[in-house]
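One structure is given here, and the rest of the page talks about it.
The values are calculated or read from the model by the stated rules, or taken from the named source; none is laboratory data. None of the values given here were measured: they were computed from a predicted structure. So basically every Cβ, Gly included, is an ideal-geometry build from the backbone, and we count neighbours across all protein chains shown.
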Amino acid sequence: MAIDLKAITNADSGLIGRKLFTDREIYEEELERIFARCWLFLTHETQIPNPGDFFTTYMGEDPVIVMRDSAGKINAFINSCRHRGMKVCRADQGNAASFTCAYHGWTYGNDGKLIGVPNFQDAYFEQLDMEQWGLVPVTQVDSYKGLIFGTFDATAASLRDYLGEMTFYLDYLVDRREGGAEVIGGMHKWISPTNWKLPAENFAGDSYHIPTAHMSALMIGASGRAPSDFEIAGFTARLDNGHGLLLRSTFSVGAELSRQYEESIRPEIARRLGEPLAEFTPLVGTVFPNFSPFYNQRTIRVWHPRGPDKTEVWAWCMVDKAAPDDVKQEILKLYQQGFGPGGMLEQDDGENWPLCVQTSKGRAISPYPFNETMGLGKDFDSERYNERFPGRLAHFLSETNARGFYQQWEKVMNVS
Ligand code: FES
Ligand code: FE
């Protein structure tokens, strides 16, 4: 790589070079080193509950089909025909026993095997070894309590080890109640002219932007608190492998039904997950590199990279399976009001992240790094909760998680 990354970024000191968000060569290297090696979120099991169900997504820029084969096993394959590359499955999701390529008709089973080739006898003279030409599999696929991840790296540590301490906090998303969680409604997908790392690091723990960027939403009570009441009790949890999240003292947000619901299930949460998670609620976080659960708004999202200055955002609404239907519908409505392309809060950051990238493309500004030094040297000073919560805890207003995110970025990108 021609660029000396060490010269432009130093996560330990909180100085992050602007080229990380604008440079094509760095972006291509990220596809190689980050998106081809890390565990990436694919979908939730409730989106493919039955044999033959499939869901199409991306790992980096590789299109991928996640499918449950006829025996019920979940596999993932690159969504590209082995003949001449056509996208084998062009639907977002559905159910199929097989997939026939629209170009020349090669057909693949829902286990990825090539099972049909037009003119196999009279044109190929049966000389094509069909065993060798199945869809290319994603090397490892695994799930954590319904959250399905994949990696192209055969040598990657297990998903459980990769998530590490984050599993404690993911449980608040997917294991609060008997039956776990489910995805409801459709999905939002939109393009944002920004770099994927800006939303990922924001969700990992940028509490600092809330009272400024989201002031208008706070003023109409969208967060459940008045703006003057923003200094809430909470903290930042910085976890291994670049993961991180924010927690806040538990209070109920949302409309009437969902607020009553949250209060009613608190004893069950305490019983299942322990008192600490009933007392302090995960607010928002990121599993490195690009999967972010936003607990408060009951949404999960993936920041798909599409170029140094382009990100495709995918957002789902996720609820407790055991919640009553009217509560689920209210949560879905609240999510849509707050997030997604038309959401009150999403629009604020939808303006911020692209403009952070746009200004950084300038020639003169390029040598001046971003300042992510807030709380430097005080990264791990929330002694009070250390024993009750995994991770290294810091003040609610801190950029420690951003530094952790970029430390992991530097490690995976081999900056030394
Ligand atoms: Fe798929 Fe030819 S590209 S059959
Ligand atoms: Fe925000």
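Of note:
- Residues considered: 77, 35. Of these, the only one that is outside the structural domain of residue 136 (by TED's automatic domain parsing), crowded, with 21+ Cβ neighbours inside 10 Å and over 30 Å from residue 378 (Cα atoms) is 35.
- Residues in segment 274-315 that are under 20 Å from residue 183 (Cα atoms), part of a loop (DSSP other than H, G, I, E, B) and either at pLDDT 95 or above or not basic (Lys, Arg) (or both): 290 alone.
- Candidates are the residues of segment 48-59 that are surrounded by fewer than 22 Cβ atoms within 10 Å (Cβ to Cβ) and under 16 Å from the mean Cα position of the chain (by Cα); the one that is nearest to residue 368 (Cα to Cα) is 58.
- Residue count for segment 1-32 satisfying the condition of being under 25 Å from residue 374 (Cα atoms) and surrounded by fewer than 16 Cβ atoms within 10 Å (Cβ to Cβ): 4.
- The set of residues in segment 341-363 being surrounded by 14 or more Cβ atoms within 10 Å (Cβ to Cβ), at pLDDT 90 or above and outside any helix (DSSP H, G or I) consists of 361 alone.
- Only one entry of 71, 7, 11, 76 meets the criterion of being over 20 Å from the mean Cα position of the chain (by Cα) and within 25 Å of residue 157 (Cα to Cα), and that entry is 11.
- Residue check for residue 107: in contact with a Cys (Cβ under 9 Å, 6 or more places away or on another chain), among the β-branched types (Val, Ile, Thr) and either within 13 Å of ligand 1 (Cβ to nearest atom) or under 21 Å from residue 55 (Cβ atoms) (or both): yes
Let's see how each residue does on (1) of a type in the set (A, V, I, L, M, F, W, C); (2) assigned by TED's automatic domain parsing to the domain that holds residue 308; (3) touching a helix residue (DSSP H, G or I) at 6+ places or on another chain (Cβ under 7 Å); (4) modelled with pLDDT of 95 or more:
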position	(1), (2), (3), (4)
2	yes, no, yes, no
45	no, no, no, yes
50	no, no, no, yes
55	yes, no, yes, yes
61	no, no, yes, yes
94	no, no, no, yes
108	no, no, no, yes
